[in-house]
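Q: Supplied in structure tokens, the structure appears directly below.
The values are calculated or read from the model by the stated rules, or taken from the named source; none is laboratory data. Just so it is clear, the model here is predicted, and its values are computed rather than measured. Every residue, glycine among them, receives a Cβ derived from its backbone with ideal geometry; neighbour counts consider all protein chains shown.
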Amino acid sequence: MAEPSSTTSPTVVSEELDPEYGKYVTNFFDNVGVSSTIPENHSTVDIYSTIVGAHLKVRQIQRGHITAHLTVKPAIANYFGGIHGGAVAAVSERMAIGCARTVVGEDKEIFLGELSISFLSAAPKNAELIIDGSVVRSGRNLTVVAIECKFKNSGKLVFTSRATFYNTPISKL
């Protein structure tokens, strides 16, 4: 059974599901902009990292450790008014790369092999967050970075993440 939506192709809803509920879910996706087109000035390479980077302010850099500040503004908030999961992932990745680079030289190429995130608390719009990144282990072949994000005022954890970077061996030709 197909239910009409605002997109050009119809949404197919299972016959096992109540049609009213299918319409409700379809409307939810339309309301959050799933079927919207991306404006031309936002369809550039890596625009999401640019948006997140505009909100992330690095406060301290040490060998193996970075501290940053982030305020949850509407550009990185989700439909429900909290920090968007994609923004959390982008912040985690950016902080982890920065931390890894404090111990792994620019001459070594690294790539992100694994990123795990645990969401522990919602961070509403205008919440001020402190993000700490620390290198847990760095060796010849890999570097592991742990990220903690806490509310600035209470210290309550918002999310934690762990990133594993693999060092690409340098060719000796």
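Q: Would you be able to tell me the number of residues in region 100-130 that are within 26 Å of residue 62 (Cα to Cα) and over 16 Å from the mean Cα position of the chain (by Cα)?
A: Total satisfying the criteria: 14.
Q: Ok, one more. State whether the residues of region 131-151 include one that is among the hydroxyl-bearing types (Ser, Thr, Tyr), more than 12 Å from residue 93 (Cα to Cα) and either modelled with pLDDT under 95 or touching a Gly at 6+ places or on another chain (Cβ under 8 Å) (or both). Even if it seems obvious, please write down each step before you answer.
A: If we filter region 131-151 for residues that are among the hydroxyl-bearing types (Ser, Thr, Tyr), which is where we start, we get 134, 138, 143.
From the residues that got through so far, the ones that are more than 12 Å from residue 93 (Cα to Cα) too are 134, 138, 143.
Adding the requirement that they be either modelled with pLDDT under 95 or touching a Gly at 6+ places or on another chain (Cβ under 8 Å) (or both) leaves 134, 138.
Yes, there is a match, as at least one residue in region 131-151 is among the hydroxyl-bearing types (Ser, Thr, Tyr), more than 12 Å from residue 93 (Cα to Cα) and either modelled with pLDDT under 95 or touching a Gly at 6+ places or on another chain (Cβ under 8 Å) (or both).
Q: Here's something else I'd like to know. Would it be correct to say that residue 75 is under 20 Å from residue 58 (Cβ atoms) and either surrounded by 14 or more Cβ atoms within 10 Å (Cβ to Cβ) or not assigned by TED's automatic domain parsing to the domain that holds residue 53 (or both)?
A: Spelling it out, it is not the case that residue 75 is under 20 Å from residue 58 (Cβ atoms) and either surrounded by 14 or more Cβ atoms within 10 Å (Cβ to Cβ) or not assigned by TED's automatic domain parsing to the domain that holds residue 53 (or both).
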